Amino acid sequence: MIDLKELSLLSGKAAWMAYLDIYCLDADGALFDAALLSAIAAFSHLEIPVVSLNDDGKIVLISEEQVTAMSEGEPVNKEKRKLNKEKRKLTLKSIPLSLTCILHKNYILADPTLEEESIMETLITIVLDSSSQLVSLYKPGGPVLAYTSAIQDCVALTRQRVKQLQKILDEVISGMEVD
Amino acid sequence: MEYVSHDGLRIDGRRPTEMRQLRAQIGNVSKADGSAVFEMGNTKVIAAVYGPREVQNKSQQISDHALVRCEYSMANFSTGDRMRKPKGDRRSTEISLVIRQTMEACILTHLMPRSQIDIFVQVLQADGGTRSACINAATLALADAGIPMRDIVTSCSAGYLNSTPLLDLNYTEDSAGGPDVTVGILPKLDQVTLLQMDAKLPVDIFENVMQLAIEGCKAIENYIREVLLENTKQLEYRRGL
């Protein structure tokens, strides 16, 4: 989803390190799906700040006032060289979205709650990207063995889910840009 | 650096005796017996209470009153620079102890012998006054859990910079190196349960600063009571009363 080259500052010398911390505040089943969605939303919101290289070879953060002063052509400090003009966002390609399903006898239960997860032992998590290509399929054992048809049903459910989630993400991101 | 301008405005535009905006919600964590989110300006904390329930470690069981445990931790992303060790460091251990003792003073523990009450507080955004926000959130969470208390506990901090007592310090003002007085009170009983200060202050100025913090606590008390009343009304509507 992310092109790591976008995190580079000076080839061979400096690059950004991105930390992703996911905290679960209230757990009610299908934590992986929620965590993945929140991670993607966080990366969509990420804005890389403006930095410059000073003569010691250190990278320093430029404050908002200095950014406008520099772009208006008044040199704040001649030695400082800006490495990027303005705050930028990452370009996210092929965003992965997922759906967890529980298999019970010959039933498929999509998006289980904590109560359902606690009594069922077989789950399957499918991750598809925005062009419906398979990114990951996870079925960690369990007493119910899945026929190919069951897996195909799960993939179809995931495809529907991805469309819903994509819509919600797009709404939120465009709402954010208006601000 | 100037923390109070000539017109008497602080760096975030507040007056010296003005608190930051308060926001609270109850019942966010559905699995907990009681929970609350409390915000003071940019500082945001979430508290969850479990109990009274059976003591997990039988050796710690007390025969005539309840055991109160508290854990304070900060999210990695809560501070400006990413925190490496969210709990288990000295500051977190100290604040856990402080919150536990503060809440223990107001919970009617003798009504729940041989049981355990767990209070978990997590700081999501830290901008000064996290200790106070945690105590206020814990009070709301305990009320949401229906745990019997003597009174609610509210807490607020105050400091002294540029010769002015300032109410509810944010992170920048707190890092200025001036004194930081944190007060926790039981408002209806008019009793102080927590009083902490770092740095030095002459006694007469200290009295003013402490009084200012107590005023802040009383303002928070009004807000908390409003929130609890609104929550009770919602519960009544849902029950069809």
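Annotations for the structure displayed:
- Gyration tensor (alpha-carbon) shape descriptor, the range B:21-141, a/c threshold 1.5: prolate
- Among the trypsin sites (Lys or Arg not before Pro) in the range B:90-156, those placed in a DSSP loop whose Cβ has at most 16 other Cβ atoms within 10 Å are B:Arg114, B:Arg150.
- Of all aspartates and glutamates in the structure, those lying under 13 Å Cα to Cα from A:Lys139, and not within fewer than 8 positions of it along the same chain, are A:Glu121.
- Added length on full extension, which subtracts the Cα-Cα distance from 0.36 nm per residue, A:Tyr147 to A:Ile173: 5.5 nm
- Reachable aspartates and glutamates, given that their alpha-carbon falls under 20 Å from the alpha-carbon of A:Lys58 and they are not under 8 places away in the same chain: A:Glu6, A:Glu79, A:Glu86, B:Asp81
- Computed FRET value (nearest 0.05) for A:Ala156 with B:Ile62, which takes r as the C-beta separation and R₀ as 45 Å: 0.20
- Label-to-label distance for B:Ile205 and A:Leu92 is 5.0 nm, based on points extended 7 Å past Cα in the beta-carbon direction.
- Label zone of A:Glu115 (point 7 Å out along Cα→Cβ, amide N under 15 Å): in the range B:28-56 this covers B:30-32.
- Total charge dipole magnitude, the range B:31-156, about the Cα centre, Cβ charges on Lys, Arg, Asp, Glu only, Debye to nearest 20: 380 debye
- Neighbourhood charge, 11 Å Cβ-Cβ cut-off, centred on A:Leu46 and excluding it, Lys, Arg +1 and Asp, Glu -1: +1
- Of A:Lys93/A:Lys167; A:Lys5/A:Lys163; A:Lys105/A:Lys167; B:Lys44/B:Lys85; A:Lys5/B:Lys85, those spanning more than 21 Å from alpha-carbon to alpha-carbon: A:Lys5/A:Lys163; A:Lys105/A:Lys167; A:Lys5/B:Lys85
Just so you know, all these numbers are worked out from the coordinates, no wet-lab data involved. Keep in mind it's a predicted model, so treat the numbers as computed, not measured. A quick note on method: Cβ atoms are made from the backbone with ideal geometry, for glycine too, and the neighbour counts reach across all protein chains shown.
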